[in-house]
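Novice: Just dropping this structure here.
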Amino acid sequence: MINNSLPSKDEIKDILEKVKDPETQKSVFELGLVKNVDYVEDEKKLIVRVDFLRRNPSCVGCLPIAWMVQKKITDDLYAQFSKYNDIDVVEFINV
């Protein structure tokens, strides 16, 4: 656990720059995948709005691979954000 209760704006940016797309090795920040991060205090929940829809391939056979890439990204984001004391839940919403 990190001593800080919640990540600052700079720490959120650092996390988004640290987490990489496993296919391109570009950061989530660079790719613009995270559109918004909100915090629900009474639930200790971080809501991360991501835009994976525009990156989904049109090929039906390729979709499972895209889903695995998206899961890796959300798992890595979850791991980074869950280190903060005041975050019990990290919820991802695809916008």
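Novice: Take the residues in region 39-71 that are out of contact with any strand residue (DSSP E or B) (no Cβ under 9 Å at 6 or more places or on another chain) and among the charged types (D, E, K, R); name whichever of them is nearest to residue 11 (Cα to Cα).
Specialist: Start the filter on region 39-71 by keeping residues that are out of contact with any strand residue (DSSP E or B) (no Cβ under 9 Å at 6 or more places or on another chain), which leaves 41-42, 54-69, 71.
Checking the rest, the ones that are also among the charged types (D, E, K, R) come to 41-42, 54-55, 71.
Values: 41: 18, 42: 22, 54: 26, 55: 26, 71: 22 Å.
Top of the filtered list is 41.
Novice: OK, next. Output the residues belonging to region 1-10 that are part of a loop (DSSP other than H, G, I, E, B) and exposed (fewer than 12 other Cβ atoms within 10 Å of the Cβ).
Specialist: 1, 3, 5, 8
Novice: Is at least one residue of region 11-32 closer than 17 Å to residue 93 by Cα, assigned to a strand (DSSP E or B) and in contact (Cβ under 8 Å) with a residue 24 or more places away in the chain?
Specialist: no
Novice: Kindly provide the set of residues from region 72-91 that are among the hydrophobic types (A, V, I, L, M, F, W, C), part of a strand (DSSP E or B) and either within 15 Å of residue 15 (Cα to Cα) or modelled with pLDDT under 95 (or both), ordered by number.
Specialist: Correct list: 90 only.
Novice: Where residues in region 33-76 are within 15 Å of residue 95 (Cβ to Cβ) and either in contact (Cβ under 8 Å) with a residue 60 or more places away in the chain or of a type in the set (Phe, Trp, Tyr) (or both), which of them is surrounded by the fewest Cβ atoms within 10 Å (Cβ to Cβ)?
Specialist: 35
The values are calculated or read from the model by the stated rules, or taken from the named source; none is laboratory data. Not measured: the values here are computed from a predicted model. All Cβ positions, glycine included, derive from the backbone under ideal geometry; neighbour counts span all protein chains shown.
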